[in-house]
Structure formats: structure tokens, C-alpha cells
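Structure in C-alpha cells, see below.
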Amino acid sequence: MKVIAALILGISAVISAAFISGGLTDLRTGDRYVTVKGVSEREVTADLALWPIRFVGTGDTLDEARGKANDSRNAIMAFLKLQAISDDAVELQRLDVTDTRANPYQDNNSKQKFIISQTLMVRSDDIEKISQAAQAVGELVDSGVVLSSDYGPSGPTYLFNGLNDIKPEMIAEATASARESANQFAKDADTTLGELRRANQGVFQILARDQAPGVSEQQQPAKTVRVVSTIQYYLR
């Protein structure tokens, strides 16, 4: 009986040792993983242009300032028409009237003056047409229109709204790029790639295609969409 009991205890010890050994092996191998990044980039073109044209009319009387502002607005509308931009794409948005004598910080001995500022917002999906018109805006200045950059940009803002349409393909490209890097790492490490451990899709960025100091992404019709995915794979 003592021999049998000792034999059972021996077998149990061997089995327990096997389980412990197996658990430690799983723990060690389970902690082995590689973190890789996959990049996907795509060049796109803006699909919407917003161009606020702000102009100013001044005068010693309100009627004089209003007359100059009306002349400037008519000149801008005529300019846009020559650029094949329809009236439907233009909207009057902001109108400010300033009486300089009403300014508490103004010298009371100074001459009264009225300033009328208006903004015409041009909205179009014809990016090339807006870009060409913006390059010819000097013609307005030559015709006597006083332009202002207060309360906004001095040129068109170019937006890209088609991000959702290209997201799935770009995520797939970034994931494939990450897996390719992981496979290469596993090969160099003389191991094999296991299951997916963790994945982070990353943030989509819309960048200026031509990045230069002082030039923002919204000033350029051509843009680069970029996403970097971070993925972890177990190593066997």
C-alpha cells in the first residue's frame, strides 16, 4: 500500500510540474509580441471652396459711404461674372457700419467719418474656377475696390469633405502595411507571427500637399490624407 501511495504521489507531482511548466511557458510566450505601424497616404483635391471677399466703403457722410460700398459690391459682382461664377454662388453675409465719432477713444477734434464693411461669401465646388479668380483679384484693387482681411482669411479656403469615402480602403492599406512589417520582423527574429493582440486605427490627418512655412492646409486645393495605424501581433 505504501508503494502504491508513493507511486500516486509521484505521478501527481509529475503532472503538477507539467501544468506549472506549461503555464510558465504560456506566460513567457504570451508576453512576446511585436508592435508595428502601418501608413497609408493618398493625394486628394478639395471639393469645396469658400471665399469671403470683404470690402470697405468710407465717406464723410453715411450716404457717401453707402454709395462707395454699393459701387464696390457691383464691381465685385461684375468681376465674378467675368470669372464665370454665377450670382447663385455669392451671398452677402456680414455688414458693419462704423461711425468714427462714436468711438470713445477717438479724438473729438477729428473729422467724422463713416465706414461700411461688407462680406460677400463665394461658395463653389468648382475648385479650379475659384482658384483662378482668386489669382486675378488684383483687378478689383485696380478698379478702386478697397479689400479688407478683417474677421477672416484674405483668400479662399479649400475643404475636402470626402474623407468617409476613402477611409475603409486607407485603413485596409495601413493594416496590410503593418502586417508586412510584422512578418518581416518575425522572419528576422527566426519566429512566426501569431494572432492579433491589439490594434489602434490611428487618426486621419488632412495635410497640405506642399508643406511650406506660413502655408496652411486650407490654403491649398491639393492635399494629402494620411493615417498611421498601430498594431500588435503575438510572436510564436
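Whether any residue in segment 110-133 is open to solvent by less than 60 Å² (accessible area, probe 1.4 Å), within 17 Å of ASP63 (Cβ to Cβ) and modelled with pLDDT under 90 is what I want to check.
So far as segment 110-133 goes, no, none of its residues is open to solvent by less than 60 Å² (accessible area, probe 1.4 Å), within 17 Å of ASP63 (Cβ to Cβ) and modelled with pLDDT under 90.
For segment 209-222, enumerate the residues that are touching a residue at least 12 places away in the same chain (Cβ under 8 Å) and out of contact with any Ser or Thr (no Cβ under 7 Å at 6 or more places or on another chain).
ASP210, GLN219, GLN220
Further, regarding this structure: Do we find a residue being farther than 26 Å from ILE166 by Cα, within 28 Å of the chain's Cα centre (by Cα) and either modelled with pLDDT of 90 or more or surrounded by fewer than 13 Cβ atoms within 10 Å (Cβ to Cβ) (or both) anywhere in segment 211-218?
Yes, there is a match, as at least one residue in segment 211-218 is farther than 26 Å from ILE166 by Cα, within 28 Å of the chain's Cα centre (by Cα) and either modelled with pLDDT of 90 or more or surrounded by fewer than 13 Cβ atoms within 10 Å (Cβ to Cβ) (or both).
Which one of these does TYR151 not meet: (1) surrounded by 13 or more Cβ atoms within 10 Å (Cβ to Cβ); (2) at pLDDT below 90; (3) among the aromatic types (Phe, Trp, Tyr)?
Answer for TYR151: the failing condition is (1).
Spot the failing condition for GLY162; the list is (1) surrounded by 13 or more Cβ atoms within 10 Å (Cβ to Cβ); (2) over 13 Å from the mean Cα position of the chain (by Cα), and only one is missed.
Of the numbered conditions (1) surrounded by 13 or more Cβ atoms within 10 Å (Cβ to Cβ); (2) over 13 Å from the mean Cα position of the chain (by Cα), the odd one out for GLY162 is (2).
Is it the case that PRO156 is within 30 Å of LEU95 (Cβ to Cβ) and under 20 Å from the mean Cα position of the chain (by Cα)?
Against the criterion (within 30 Å of LEU95 (Cβ to Cβ) and under 20 Å from the mean Cα position of the chain (by Cα)), PRO156 qualifies.
Additional query: From the list LEU92, LEU80, which residue is outside any strand (DSSP E or B), of a type in the set (A, V, I, L, M) and closer than 15 Å to ARG123 by Cβ?
LEU80
Scan segment 206-234 residue by residue and report those that are farther than 26 Å from ASP126 by Cβ and in contact with a strand residue (DSSP E or B) (Cβ under 6 Å, 6 or more places away or on another chain).
ARG226, VAL227, VAL228, SER229, THR230, ILE231, GLN232, TYR233, TYR234
Taking only pairs six or more apart or across chains, which ones have beta-carbon atoms under 6 Å, a first residue in segment 163-192 that is under 23 Å from ALA222 (Cα atoms), and a second residue that is of a type outside the set (Ser, Thr, Tyr) and open to solvent by less than 50 Å² (accessible area, probe 1.4 Å)?
Close Cβ pairs (under 6 Å, with a partner that is of a type outside the set (Ser, Thr, Tyr) and open to solvent by less than 50 Å² (accessible area, probe 1.4 Å)) amount to MET170/VAL227; ALA174/GLY38; ALA174/VAL227.
Same structure again: Under the condition of being crowded, with 17+ Cβ neighbours inside 10 Å and among the small types (Gly, Ala, Ser), which residue from segment 27-58 is nearest to ALA89 (Cα to Cα)?
ALA49
Got a sec? Which of ARG66, ARG54, ARG73 is part of a strand (DSSP E or B), farther than 22 Å from ASN161 by Cβ and in contact with a Gly (Cβ under 9 Å, 6 or more places away or on another chain)?
From the options ARG66, ARG54, ARG73, the qualifying one is ARG54.
Six or more apart or on different chains, Cβ atoms under 8 Å: show the pairs whose first residue is in segment 55-81 and farther than 12 Å from LYS113 by Cβ and whose second is of a type in the set (Val, Ile, Thr) and open to solvent by 70 Å² or more (accessible area, probe 1.4 Å).
Close Cβ pairs satisfying both conditions: PHE55/VAL146; SER72/VAL146.
Mind listing whichever residues of segment 165-188 are open to solvent by less than 50 Å² (accessible area, probe 1.4 Å) and more than 32 Å from the chain's Cα centre (by Cα)?
Of everything in segment 165-188, just one residue is open to solvent by less than 50 Å² (accessible area, probe 1.4 Å) and more than 32 Å from the chain's Cα centre (by Cα), namely ALA186.
The values are calculated or read from the model by the stated rules, or taken from the named source; none is laboratory data. Model, not experiment: these values are computed from the prediction. Virtual Cβ from ideal backbone geometry, glycine too; neighbours counted across all protein chains shown. Protein only, heavy atoms only, side chains kept; ligands, DNA and RNA dropped before computing areas. Shrake-Rupley method; radii C 1.70, N 1.55, O 1.52, S 1.80 Å.
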